[in-house]
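> Take this structure, written in structure tokens, and hold onto it; I'll ask about it next.
The values are calculated or read from the model by the stated rules, or taken from the named source; none is laboratory data. The model shown is predicted, which means the values in this text are computed figures rather than measured ones. Cβ: placed from backbone, ideal geometry, glycine included. Neighbour counts: every protein chain shown. SASA here: full protein model, heavy atoms, side chains in, ligands and nucleic acids out. Shrake-Rupley method; radii C 1.70, N 1.55, O 1.52, S 1.80 Å.
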Amino acid sequence: MYIVTNLIIMNIGDSDILYSFDRARLIDRACNGFMRIDGLTFKRARDYMAKYSARDYLMQCPLDLSTKELVSGMKDYCLQRRAEMLEPYRKKRYSINGDPIHHLYIIGNGFDRYHGADSTYMDFRSYLLKHNDFVVKMFELFFGPRSMMNNFDDYNDYLLCLQYGRKLPAPKNTWAKDYLWKDFEKYLSELNRERIFDFVDENLPRLYEDDENFSYAEYLGPIDIVADVVSSCTFEMQYQFHRWINTIHYKKGFRKNMLYLDPNAAYLNFNYTLFLETEYNISREHILYIHGDRRQKFGSLVLGHNVEDNEVAFEEWVHKHKNRRRYRPNLKDKKGKYFANDKLVYLAFFLKDMKKGNWKNPIRYYAVDHIEERLENYYAKNIKHSNDIIDHNLGFFESLNDLKEITLLGHSLGDVDFPYFKAIVENVRNVDDLIWNFSYYSDNDIKNIRRFCRHLNIPQGKNVRHFKMSDIKR
């Protein structure tokens with residue numbers, strides 16, 4: 001299937017028009033070939049090409065180039081452009097008083113929790129319930145892999161939430177408390193499309209534009225719910241998160257449990273707090289706050305999901321559910337008569353041939369477009385662009401060539417942060433001799449450490465050590 005390319009052709013002859021369409025087909029062929037050869041989704045292929053201005057290269061290519069030659073040349077061009085764009089970020093080098101970095105600490109939320117800080121995502125939930133519980137309601141209603149009904153203790157709670165409104169009490173949702181908030185950033189990538197579309201489906205009146213009493217207000221009302229979900233889980237979530245970070249403090253008496261930290265080490269800090277500086281007197285020049293810190297302005301902290309994880313999860317969901325009865329082209333009504341499926345989820349994700357859709361009520365197709373636009377807006381604004389963050393801190397990662405030892409304190413080793421660890425390993429010169437020191441709290445942490453080591457191909461031998469943070473008290 002060709003990708004539609006926008007062309008503006010004004011005041012040109014027939015031969016120029018033919019050339020322009022030939023050039024458009026070449027660009028489409030390059031993008032489709034890139035997707036096929038590298039196994040990319042359309043969105044990832046398009047974004048990569050746009051980021052490095054691949055179109056400039058393709059506009060100069062001979063029209064008779066084979067697809068393989070076209071893709072190969074385009075990728076070489078993009079790599080060259082990437083190197084040019086990253087050059088300013090390579091210039092900033094990190095060192096320890098002028099010497100190479102030999103020891104790197106990686107700091108996670110468990111470090112702050114060890115000192116008594118109420119800094120878990122469940123603590124964030126408690127903060128939201130006091131300051132904007134609507135965000136909690138929207139997150140717990142529309143995020144996560146389970147159906148809406150299974151999220152609640154009983155059917156009445158489910159019905160209450162379906163009534164929708166800002167005055168509703170927060171849902172009594174034990175599954176959310178046990179799972180959703182414990183892996184908060186992971187589930188930010190799981191805005192449940194099926195649940196969103198079904199919710200609008202239940203509330204969207206059977207409207208026809210040619211009806212005398214047709215009202216766009218009735219049509220837009222349920223769709224505005226989606227806009228509220230997107231708004232509450234983008235701007236409002238990030239705004240409240242930044243405010244909450246500024247309320248976190250260590251527990252009274254924490255100093256008697258302070259740890260020994262190497263003063264001649266570098267620090268990769270995944271926390272937003274400043275306690276390394278304020279309580280441990282670590283120089284700010286030795287710390288990289290990879291996701292920002294609370295000194296920054298509102299909206300600048302990195303909080304989000306991994307876009308690749310989201311794309312893969314969604315493709316798996318479509319594949320898993322494509323043969324479900326409710327997503328077949330034709331459904332049977334209560335009288336046993338078949339009719340063309342016009343469920344919003346089906347129209348959005350499972351309808352293969354638009355000519356076979358139920359066009360009796362085009363309002364429903366408009367609804368699909370409007371909802372998809374809002375969902376794409378959510379994902380675009382909530383992506384943790386890990387690779388871009390690495391690129392913008394390339395000087396730090398390239399300063400780790402001589403690294404000999406890594407100490408991880410309180411890091412959960414979640415998949416969403418895996419690209420950073422991969423970047424570290426790729427830049428260490430003698431990676432086989434690298435010593436890894438992992439802090440752990442429970443047996444489950446040991447399992448995560450072993451899984452992490454397998455993913456990074458770290459041998460489970462003498463170079464991997466486990467310890468509890470209390471073992472390194474001053």
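> Please report the carbon-and-sulfur percent of the accessible area for region 20-72; probe 1.4 Å, protein heavy atoms only, DNA, RNA and ligands left out.
Numbers: 1560 of 2870 Å².
Its accessible area is 55 percent carbon and sulfur atoms.
> Find, among the trypsin sites (Lys or Arg not before Pro) in region 393-447, those assigned to loop by DSSP (not H, G, I, E, B) with at most 12 other beta-carbon atoms within 10 angstrom. Before the final figure, lay out the partial values.
Numbers: sites: K404, K422, R429, K447; in loops: K404, R429.
The qualifying sites are R429.
> A further question follows. Whenever you get a sec, compute what percent of the accessible area on region 84-124 sits on carbon and sulfur atoms (1.4 Å probe).
Ligands and nucleic acids excluded, carbon and sulfur give 48 percent.
> While we're here: So, with a 1.4 angstrom probe, what is the percent of accessible area on region 338-474 that is carbon and sulfur? Mind showing how you got there, number by number?
Details: 3400 of 7250 Å².
So the carbon and sulfur contribution to the accessible surface is 47 percent.
> Also, I was wondering about something else. Report the calculated FRET efficiency for H319 and N457 (r = Cβ-Cβ distance, R0 = 25 Å), to the nearest 0.05.
The calculated FRET efficiency here is 0.30.
> Roll a 1.4 Å probe over the protein heavy atoms and report the accessible area of M469 in Å², nearest 10.
30 Å²
> Then there is this: What accessible area per residue, rounded to a whole number of Å², is obtained for region 16-111 using a probe radius of 1.4 Å?
Here the residues of region 16-111 average 56 Å² of exposed surface.
> Alpha carbon centre of region 405-452 versus region 53-101: separation in Å?
29 Å
> Then there's this: Between K334 and Y260, what FRET efficiency comes out of the Förster formula 1/(1 + (r/R0)^6) with R0 = 60 Å and r the beta carbon distance, rounded to 0.05?
For R0 = 60 Å, the calculated efficiency reads 0.25.
> If you count only protein heavy atoms with a 1.4 Å probe, what accessible area per residue comes out for region 407-449, rounded to a whole Å²?
For region 407-449, the solvent-accessible area averages 48 Å² per residue.
> Let me ask another. Spin-label point model (7 Å from Cα, Cβ direction): what's the Y441 to N427 distance in nm?
In this crude spin-label approximation the distance works out to 2.8 nm.
> Mind scanning K322/K447; K91/K381; K182/K381; K51/K404 and naming the pairs with a C-alpha gap bigger than 27 Å?
K322/K447; K91/K381; K51/K404
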